Amino acid sequence: CSDHPPAVNNFKVTASSPRYNDTRTAFDLGECVSVNGVMTCTVNVDVDFYKLYNVTAQAIFSTSSGPVDAWPLPSVSTPAVTPQTIASLYNIPPNILQTNGSQMVGEFERQYYSPSDL
């Protein structure tokens, strides 16, 4: 960003959960990459799993601050789901072989399966 003034010095990302009276803030430049000529930056805020958080972000410049932008819907942080997580949850023993099973695709958050994804 420094070659396209005004340069961003930092980002302020806030996650607030009014129900739990919990607010977390991160000041970080994050990890930025150019995607099709648009700078995309990732900033992590440590929050508790399974709580609803309202998320806002603001760019901090050397001489001023940008507008505060709010994500339109509350967000929920969940732990990563892996095959080991599922096996533990359902008490599936290791190295079990299933020959007559079926498979499905879960679709969430307006994310959809497409045959071209395969």
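Numerical summary
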read-out: 1.4 Å probe accessible area per residue over the chain, in Å²; value: 85 Å²
read-out: Surface share of carbon and sulfur [accessible, 1.4 angstrom probe, percent] for the chain; value: 54 percent
read-out: Label selected from (1) 2, 8, 5, 6, 5, 5, 5, 5, 4, 4, 4, 4, 4, 4, 4, 3, 3, 3, 3, 3, 2, 2, 2, 2, 2, 2, 1, 1, 1, 1, 1, 0, 0, 0; (2) 2, 8, 12, 15, 14, 14, 12, 9, 7, 4, 2, 1, 0; (3) 2, 11, 20, 22, 20, 15, 8, 2, 0, the criterion being P(r) over Cα pairs in 5 Å bins from 0, in percent as computed here; value: (2)
read-out: Extension gain from Q58 to A80, taking 0.36 nm per residue of separation minus the Cα-Cα distance; value: 5.2 nm
read-out: Radius, Kirkwood style, for segment 17-58 when every pair of distinct Cα atoms is counted (Å); value: 12.2 Å
read-out: Percent RCO, i.e. relative contact order, over the chain, from Cα pairs under 8 Å lying at least 6 residues apart; value: 20 percent
read-out: Cα-projected label distance for V33 with S88, points at 7 Å along beta-carbon direction, nm; value: 2.8 nm
read-out: Candidates per GluC sites (Glu not before Pro) in segment 7-114, loop by DSSP, up to 14 other Cβ within 10 Å; value: E107, E109
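The values are calculated or read from the model by the stated rules, or taken from the named source; none is laboratory data. Not measured: the values here are computed from a predicted model. Cβ coordinates were reconstructed from backbone atoms using ideal geometry, including for glycine residues, and neighbour counts include every protein chain displayed. SASA here: full protein model, heavy atoms, side chains in, ligands and nucleic acids out. Shrake-Rupley method; radii C 1.70, N 1.55, O 1.52, S 1.80 Å.
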